[in-house]
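Novice: Let me give you the structure first, and then I'll get to my questions.
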Amino acid sequence: MTVDLLANIPSPPQGVWQLGPIPLRGYALSILAGIVIAVLWAKRRYADRGGDPEIVLDVAIAAIPAGIIGGRIYHVLTDWPKYFGEGGNPWQAFNIAAGGLGIWGAVTLGTLAGWLVLKWRKVPVAPMLDAVAPTIILAQGIGRLGNWFNQELHGGPTDLPWGLEIYRRIDEAGNIAPVTGVSTGEVLAVVHPTFLYELVWNVAICVLLVWLDRRFRLGGGLVFALYVGGYTLGRFFIELIRTDAATEVFGGLRINTVTSAVVFLVACGFIFALRHKRREAPEAVRGGAGRGADAAVGD
């Protein structure tokens, strides 16, 4: 007697739920969950370094919307044919809820916005970067669940036991609707779950960063540099598995593959330059904000 074991990973039956007139999108909820967890954890990590945890909220208020805008800009620029090519709809470039945020643009513009806030508050930037680095990559991993809900950004067909089932989804009129529709139960393909590969990789890098930081008391921006290097190393190989349409450069390589390689090399340079940096003293973390507080107490 033989027993067949269903080992494939099922996709959600739908990625959008209607709460009255309000659509609840799995993609948006995944990103929101990652942001909330990252901010709460970042406050704790920054406080442990001697900083004022409320400054994390100031940074988040500026960095989160800037990151979303930057991520969308990068996505639209690198996948411009989807929106401005033949048959494209330019207005869809503003439809963030449908998916499409490039982490490169998100981290770049988000970091710039956070840097401006810290400069305004007269607080050193490096301790904040080191505090938030593990929280950012954890948020990225959680956010990848949004691709699972949307049945997008997966790899090619596979017969591995952890293959992801892609379902046919249709709307109320019976039209094909991969994102907003509901599954008919028909499996269209079993593919590599690249969302899961990246989620697992991100969590692993997060754990490694926390361990290295605690073991060697890293500082000076080294934790953030290790985050960038670790993330891009994994993203490079995951991009080689993905089969979704993407802009190609340099002999057919996906643009995100090239970006991963370039950013990884830059990060390695920073890691080498910062390799001897250790955690700053609490008074150095507080910077001008700490001196102002101390002065007020003295008065």
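Novice: May I ask you to compute the full-extension gain from Ile22 to Asn175, defined as 0.36 nm times their residue separation minus their alpha-carbon distance, rounded to one decimal in nm?
Specialist: Length difference between fully extended and current span is 53.0 nm.
Novice: Here's something else I'd like to know. At a 10 angstrom cut-off on C-beta neighbours, averaged per residue, how do the peptides 141-150, 168-177 rank from highest to lowest?
Specialist: 141-150, 168-177
Novice: Pull up all non-local amide H partners of Ala189: gap of 5 or more, or a different chain, and H-to-H distance under 5 Å with H placed in the peptide plane.
Specialist: Ile166
Novice: Measuring from a point 7 Å past the Cα of Asn95 along Cα-to-C-beta, which residues in the range 22-47 have an amide N at less than 11 Å?
Specialist: Once the point is set 7 Å along Cα→Cβ of Asn95, nothing inside the range 22-47 turns out to lie under 11 Å by backbone N.
Novice: Over all alpha-carbon pairs in the range 156-268, figure out the percentage whose distance exceeds 23 Å.
Specialist: 49 percent
Novice: Also, I was wondering about something else. Check which residues have an amide H placed less than 5 Å from Leu218's amide H, if you skip close sequence neighbours.
Specialist: Those qualifying (amide H under 5 Å, at least 5 residues apart or on another chain) are Arg279.
Novice: Separate question: Between 0 and 90 degrees, rounded to the nearest ten: what's the tilt of helix 125-143 against the longest Cα principal axis of the chain?
Specialist: Once rounded, one gets 20 degrees.
Novice: Continuing with this model, one more query. How big is the gap, in Å, between the Cα center of the range 179-252 and the Cα center of the range 41-68?
Specialist: 23 Å
Novice: Which whole number of Å³ per residue matches the convex hull of the alpha-carbon atoms in the range 34-190?
Specialist: 148 Å³
Novice: Still on this structure, please answer the following. Kirkwood hydrodynamic radius, computed over distinct alpha-carbon pairs, for the chain: how many Å, to one decimal?
Specialist: Result for the chain stands at 20.9 Å.
Novice: With everything on Cα atoms, drop me the angle between helix 282-298 and the longest principal axis of the chain, reported from 0 to 90° to the nearest 10.
Specialist: The answer is roughly 50 degrees.
Novice: Going highest first, how would you order 85-92, 70-77 by mean Cβ packing within 10 Å?
Specialist: Per-residue mean Cβ counts within 10 Å order the peptides as 70-77, 85-92.
Novice: Okay, moving on. Using only Cα atoms, tell me the angle between helix 103-121 and the longest principal axis of the chain; keep it within 0 to 90° and round to the nearest 10.
Specialist: Value to nearest ten degrees: 20.
Novice: Need the full-extension length gain, Leu57 to Trp115, defined as separation in residues times 0.36 nm minus the C-alpha distance. One decimal, nm.
Specialist: 19.6 nm
Novice: Let me ask something additional. What full-extension length gain, to one decimal in nm, is calculated for Glu248 and Asp48 as 0.36 nm per residue of separation minus the Cα-Cα distance?
Specialist: Full extension from Glu248 to Asp48 adds 67.6 nm.
Novice: List, in order, the whole-Hz ³J(HN,Hα) value for each residue of the range 231-243 obtained from phi through the Karplus relation with A = 6.51, B = -1.76, C = 1.60 and θ = phi - 60°; use x for Gly and Pro.
Specialist: Values per residue, Gly and Pro as x: 5, 5, 4, x, 4, 4, 6, 5, 4, 5, 8, 5, 10 Hz.
Novice: Sorted by average packing, counted as other Cβ atoms within 10 angstrom per residue and highest first, what order do 246-255, 157-166, 228-237 take?
Specialist: Descending packing order for the listed peptides: 228-237, 157-166, 246-255.
Since every read-out is calculated from the coordinates, none of them should be taken as a lab result. Here the structure is a predicted model, which means the values were calculated and not measured. Here Cβ is always computed from backbone atoms with ideal geometry, including for glycine, and neighbour counts include all displayed protein chains.
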